[in-house]
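One structure below.
The values are calculated or read from the model by the stated rules, or taken from the named source; none is laboratory data. Note that the structure is predicted; figures quoted are calculated from it, not measured. Virtual Cβ from ideal backbone geometry, glycine too; neighbours counted across all protein chains shown.
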Amino acid sequence: MGRARAGVRLGADRLEDWRTPPAPVRAPGKLKHRKEGHANGRVKEVLGKWSVDRSQLLIGHRFASGAHSRLFHGIYNEQPVAVKFIRQPDDEEDAELAAQLEKQFSTEVTTLSRLNHLNVIKLVGACSSPPAFCVITEFLSGGSLGAFLHKLDHKALPLDKIISISLDIARGMAYIHSQGVVHRDVKPDNIIFDEEFSAKIVDFGVACEEEHCDPLANDTGTFRWMAPEMMKHKAYGRKVDVYSFGLILWQMFSGTIQYEELNPFQAAFAVFDKNVRPKIPTSCPAPVRLLIEQCWASHPEKRPDFCQIVQILEKFKTVLDRDGTLDNMPSSICQETRDHKNWLAHWVQKLKHSHIMSSVVTSHHSVSSPFQTVLIR
């Protein structure tokens with residue numbers, strides 16, 4: 001981090017300008033105005049609490065870029081941090097885009113300010129100086145799952161790594177959902193590793209409170225990982241994140257991106273119009289294959305909750321550590337049926353009636369499970 005110490009002090013004039021075409025305009029109604037007024041008050045309160053002392057913030061070199069943001073190494077109060085800069089376009093014609101970017105900044109800060117979990121990135125602070133905004137978080141040195149998979153060049157991760165990473169993601173998402181938040185952009189690039197290779201969920205710019213998810217919103221998600229109900233602008237909830245998780249699980253076995261021969265719009269059309277899903281590699285054990293299929297089911301109500309996924313993955317890990325394989329898992333776990341699909345559906349159905357979501361993750365206590373007692377980190 002020595003280069004960060006030689007960096008620059010924070011200032012809006014240090015930011016470069018970049019533009020993209022504006023998003024479509026939608027006329028707001030009176031109810032939306034009332035909601036925005038309440039939300040703006042909460043944003044001001046959160047920004048007041050999390051505002052940083054700029055004299056203590058040093059900016060180093062850039063290490064990543066997004067469509068409208070740039071990430072820099074930094075030091076704040078003598079601690080390494082990641083600093084995400086967002087800059088609104090200056091052109092008046094891009095007023096809608098400017099408002100959208102400010103909303104994403106506000107959403108990320110207000111959401112992260114109330115989340116605290118080992119598998120969710122930690123907020124350090126924020127600052128707002130329109131047209132420039134910045135979000136400061138803990139620095140994670142391990143890189144993204146997306147970059148990690150890209151280096152594998154169409155090769156699958158080892159099974160134990162897949163289960164370990166999946167557990168980290170599922171635990172983080174179970175906690176996020178327990179707080180009433182839907183991420184809406186779960187994908188490998190938004191899974192970052194720390195120095196101990198623990199996975200953390202990042203980028204909450206398009207997250208929403210589940211009760212306020214807008215099916216007509218035009219700034220949500222990434223097509224290749226987007227659930228069909230979102231593409232169709234139907235009412236949706238937390239199960240859109242489960243769908244995306246199923247695709248991430250598939251990617252770790254395939255070592256590639258789904259529908260890579262198609263552009264994003266063609267991929268989206270194939271999913272919501274033709275109900276297409278990627279072909280699961282033969283190397284994927286049957287129990288995991290069935291979990292993937294459950295996660296990306298067309299109907300949201302058929303997808304498991306993340307608290308159920310955590311327990312299923314915990315059992316996978318226990319069996320893998322003991323036997324070195326998952327191939328014999330159904331017959332050793334459930335003697336009632338030899339059918340893999342019925343076996344997984346049987347346990348998911350049991351988990352649906354265990355009523356553990358309210359106590360899981362939020363209290364960090366152990367919970368009752370038809371598999372075993374599981375401690376959610």
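Structural remarks
- Residue within the stretch 217-224 that is among the β-branched types (V, I, T) and under 16 Å from the mean Cα position of the chain (by Cα) present: yes
- No other residue among A207, A126, A156 is among the small types (G, A, S) and farther than 25 Å from K84 by Cα apart from A156.
- Residues (within 19 Å of W225 (Cα to Cα) and not in a helix (DSSP H, G or I)) located in the stretch 284-302: W296, A297, S298, H299
- Checking each residue in the stretch 255-268 for being surrounded by 15 or more Cβ atoms within 10 Å (Cβ to Cβ) and of a type outside the set (A, V, I, L, M) picks out G255, T256, Q258, Y259.
- Matching residues, the stretch 64-78, being modelled with pLDDT of 90 or more and either of a type in the set (D, E, K, R) or surrounded by 13 or more Cβ atoms within 10 Å (Cβ to Cβ) (or both): R70, L71, F72, H73, G74, I75, Y76, E78
- Of everything in the stretch 102-118 that is crowded, with 22+ Cβ neighbours inside 10 Å and either in contact with a Ser or Thr (Cβ under 8 Å, 6 or more places away or on another chain) or modelled with pLDDT under 90 (or both), the residue that is nearest to A67 (Cα to Cα) is F105.
- Single unsatisfied condition, C127 versus (1) under 30 Å from S55 (Cβ atoms); (2) assigned to a helix (DSSP H, G or I); (3) more than 17 Å from the chain's Cα centre (by Cα): (2)
- Considered as a group, the residues in the stretch 279-315 that are under 19 Å from the mean Cα position of the chain (by Cα) and β-branched (V, I, T) include one that is surrounded by the most Cβ atoms within 10 Å (Cβ to Cβ), and that residue is V310.
- The combined condition, being under 19 Å from C307 (Cβ atoms) and either more than 16 Å from the chain's Cα centre (by Cα) or modelled with pLDDT of 90 or more (or both), is fulfilled by G246.
- Screening the stretch 182-274 for helices (runs of 4 or more DSSP H) wholly inside it with 2 or more residues that are in contact (Cβ under 8 Å) with a residue 12 or more places away in the chain and aromatic (F, W, Y) returns the ranges 239-254, 264-274.
- Among the residues of this structure, A156 counts as one that is among the aliphatic types (A, V, I, L, M), in the same structural domain as K239 (by TED's automatic domain parsing) and not in a helix (DSSP H, G or I).
- Checking each residue in the stretch 79-101 for being of a type in the set (D, E) and either surrounded by 17 or more Cβ atoms within 10 Å (Cβ to Cβ) or more than 25 Å from E209 (Cα to Cα) (or both) picks out D90, D91, E92, E93, D94.
- G255 passes every criterion in (1) over 30 Å from V109 (Cβ atoms); (2) modelled with pLDDT of 95 or more; (3) of a type in the set (G, A, S) apart from (2).
- When we screen D168, D194 for residues that are in contact with a strand residue (DSSP E or B) (Cβ under 8 Å, 6 or more places away or on another chain) and farther than 20 Å from F306 by Cβ, the only hit is D194.
- Residue match in the stretch 4-24 (condition: surrounded by fewer than 14 Cβ atoms within 10 Å (Cβ to Cβ), at pLDDT below 50 and part of a strand (DSSP E or B)): yes
- Set side by side, the residues L140, L159 differ, and just one is more than 30 Å from A98 (Cβ to Cβ) and modelled with pLDDT of 95 or more, which is L159.
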